[in-house]
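Read-outs throughout are calculated quantities, based only on the coordinates presented, and are distinct from any laboratory measurement. Since the structure is predicted, the reported quantities are computational estimates derived from the model, not experimental observations. Here the Cβ is made from the backbone with ideal geometry for all residues, glycine too, and neighbour counts use every protein chain on show.
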Amino acid sequence: MTDAATPRVLVLFAHPSFHRSRVHRALVRAVRAVDGVTFHDLYDAYPDFDVDVAHEQELLESHEYIVLQHPFYWYSTPALVKQWLDLVLEHGWAYGSNCTALIGKKLLSAVSTGGREESYRPEGGNRMTVRQLLAPIELTAQLCGIDYLEPFVVHGTHAMDEAAIAVAADAYARHVAALRDGKLG
């Protein structure tokens, strides 16, 4: 755990088609400009899905806040995020008897959806909120003693123009800065 006066944020970014994403390119630029943030591109680090578990665990231990940033793919995460979760959050380290490595840390899901916000409501086309659909991530965090925060969601990415993307990127940078400053969670 880092010094309480200067919490540090780790952004775990995963996008298998980053070169095609207008929205995540802007979000990444914005969050990389925030002081006190470590940006870690999982697809860049592990193109063959061969995750360095010890390195990833060291990163988690050295940061108080963890941001899991990715597009929402079929109501879930990109495949590498699942691989990362399966390998890094292993029994005997992340959870289990006397496992305290992650207790008290905070996790924020930062996701984008092609669908509009109103489609992610009980009465909407997807019949659930994004938070409900992220329940496996929230429950994983809970098992590891991590506090799960309200997700940061950028909705309707397919229809966004450059001005709307810039607004979303600015909001994301401000959200992560507030997290870093201990003003969220």
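A few remarks follow.
- Karplus 3J(HN,Hα) series, Hz, for region 96-101 with 6.51 cos²θ - 1.76 cosθ + 1.60 (x for Gly, Pro): x, 4, 6, 8, 10, 4
- Under DSSP loop assignment and at most 15 Cβ neighbours within 10 Å, longest GluC sites (Glu not before Pro)-free interval of the chain: 1-89
- Note that region 61-119 carries a Kirkwood radius of 13.4 Å, evaluated over its alpha carbons pair by pair.
- Relative frequency of Cα-Cα separations exceeding 21 Å in region 9-180, percent: 47 percent
- A Gaussian network model of the chain, with springs between Cα atoms under 10 Å, assigns the largest mean-square fluctuation among Ala94, Ala110, Ala45 to Ala45.
- Mean separation of Cα contacts under 8 Å, 6 or more apart, over the residue count of region 9-180: relative contact order %: 28 percent
- Dipole of the chain computed with +1 at Lys/Arg Cβ and -1 at Asp/Glu Cβ about the Cα centre; of Ala45, Tyr120, Ala169, farthest Cα towards the positive end is Tyr120.
- Residues listed by number, region 166-185, amide nitrogen under 17 Å from Thr129 label point at 7 Å toward C-beta: 185
- Comparing Asp50, Asp41, Asp170 in a Gaussian network model of the chain (Cα springs below 10 Å), the most mobile by mean-square fluctuation is Asp50.
- Per residue of the chain, the DSSP helices (runs of n ≥ 4 H) give a summed -39500 (n - 2.57) that works out to -10500 deg cm²/dmol at 222 nm.
- Within region 9-180, antiparallel bridges make up roughly 5 percent of the DSSP beta bridges whose residues both belong there.
- Calculated P(r) of region 3-72 - Cα pairs past 16 Å, %: 51 percent
- Pairwise centroid distance, computed over Cα atoms, of region 54-101 with region 106-185, Å: 17 Å
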